[in-house]
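Working notes, beginning with the structure itself.
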Amino acid sequence: MDGFRAAVAGEPDDLLGFGFAVRLTETARWLSRATLQPKAFAQLAAAPTLWLRELQVHPNHQGRGLGRSLHDRLVAGGAEEAVVLTVIPGNEPARSAYDRWGYELLGQTSHSYDSPMYDVLWLRRATWG
Ligand SMILES: CC(C)(COP(=O)(O)OP(=O)(O)OC[C@H]1O[C@@H](n2cnc3c(N)ncnc32)[C@H](O)[C@@H]1OP(=O)(O)O)[C@@H](O)C(=O)NCCC(=O)NCCS
């Protein structure tokens, strides 16, 4: 998996949260299922893009900034010019947080034939610094 990176938040014997990301390639199945805005495929192909695959914080520890901190560590550095992720539209507080963190809506997709629809969100490097 090109560009793999992971971040964890924890205490000595307790995993509080984690996330991982890989370089987006055209083999990502959700990409072939996606209905995206006309410019979006070109935007995704234009430069290396990081696919943020997982971001999870233990329910007892949410709302303390761990999610944002894990996110920021995952997207920092690397050669990628953008980050893409998929999120179920009703998945709060994640969906609203991504809007506030600068993500733009590119379209929708699914992860398998019987999966729910996900929003495809995109963040440019210029937005995260
Ligand atoms: C999404 C998730 C990782 C965020 O983790 P977190 O540690 O709570 O994140 P933060 O504390 O950094 O908060 C993120 C934002 O959500 C807001 N938020 C967090 N908990 C909230 C709550 N219970 N109600 C309303 N807003 C909340 C915070 O205000 C923050 O907004 P801001 O960054 O604009 O200030 C966490 O909710 C989670 O693990 N959810 C389940 C898994 C999931 O859905 N992951 C995302 C898949 S795409």
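3J(HN,Hα) along the range 85-99: 8, 10, 8, 5, x, x, 7, 9, x, 4, 4, 5, 4, 4, 4 Hz, from the Karplus curve 6.51 cos²θ - 1.76 cosθ + 1.60 with θ = phi - 60°, whole Hz, x for Gly and Pro. The angle separating the long axis of helix 66-75 from the principal Cα axis of greatest extent in the chain is about 50 degrees.
For the range 35-42, backbone phi angles converted through the Karplus equation (6.51, -1.76, 1.60; θ = phi - 60°) give residue-by-residue couplings of 10, 10, 4, x, 7, 5, 4, 5 Hz, Gly and Pro being listed as x.
Per-residue extension of 0.36 nm, minus the Cα-Cα distance of Val8 and Thr35, leaves a gain of 6.5 nm for this segment. Here each label is just a point 7 Å from Cα along the line to Cβ, and for Trp128 and Arg64 those points are 2.3 nm apart. Subtracting the Cα-Cα distance of Ala79 and Leu15 from their residue separation scaled by 0.36 nm leaves 20.2 nm.
Go ahead and estimate [θ] at 222 nm for the chain from helices alone: -39,500 (n - 2.57) per DSSP H run with n ≥ 4, summed, over the residue count, rounded to 500. Helix-only estimate at 222 nm: -6000 deg cm²/dmol.
For the range 13-29, the Karplus equation 6.51 cos²θ - 1.76 cosθ + 1.60, evaluated at θ = phi - 60°, returns couplings of 10, 9, 8, 9, x, 7, x, 8, 8, 9, 5, 5, 10, 5, 7, 4, 5 Hz by residue, with Gly and Pro reported as x. In terms of overall dimensions, the C-alpha atoms belonging to the chain reach 45, 33, 27 Å along their principal axes, ordered largest to smallest.
Database remark: amide H of Ala9 closer than 5 angstrom to the amide H of Leu16, Gly17, Phe18 (H placed geometrically; neighbours at sequence offset of 5 or more, or on other chains; Pro and chain starts carry no H). Sequence-distant contacts, meaning Cα pairs under 8 Å at least 6 residues apart, place the relative contact order of the chain at 26 percent. Of the residues Val57, Thr25, Ala47, the one whose Cα sits farthest towards the positive end of the charge dipole of the chain is Ala47 (charges of +1 on Lys and Arg Cβ, -1 on Asp and Glu Cβ, taken about the Cα centre).
Under a 5 Å amide H cut-off, with hydrogens placed 1.01 Å from N, Leu50 pairs with Leu24, Glu81, Ala82, Val83, Val84 among residues at least 5 apart or on other chains. As a proxy for reagent exposure, Met117, Met1 were ordered by neighbouring Cβ count within 10 angstrom, fewest first; the result is Met1, Met117. Were the residues from Ala46 through Ala97 laid out at 0.36 nm apart, the gain over their Cα-Cα distance would be 15.8 nm.
Since every read-out is calculated from the coordinates, none of them should be taken as a lab result. Keep in mind that what you see is a predicted model, and the values were worked out from it rather than measured. Here Cβ is always computed from backbone atoms with ideal geometry, including for glycine, and neighbour counts include all displayed protein chains.
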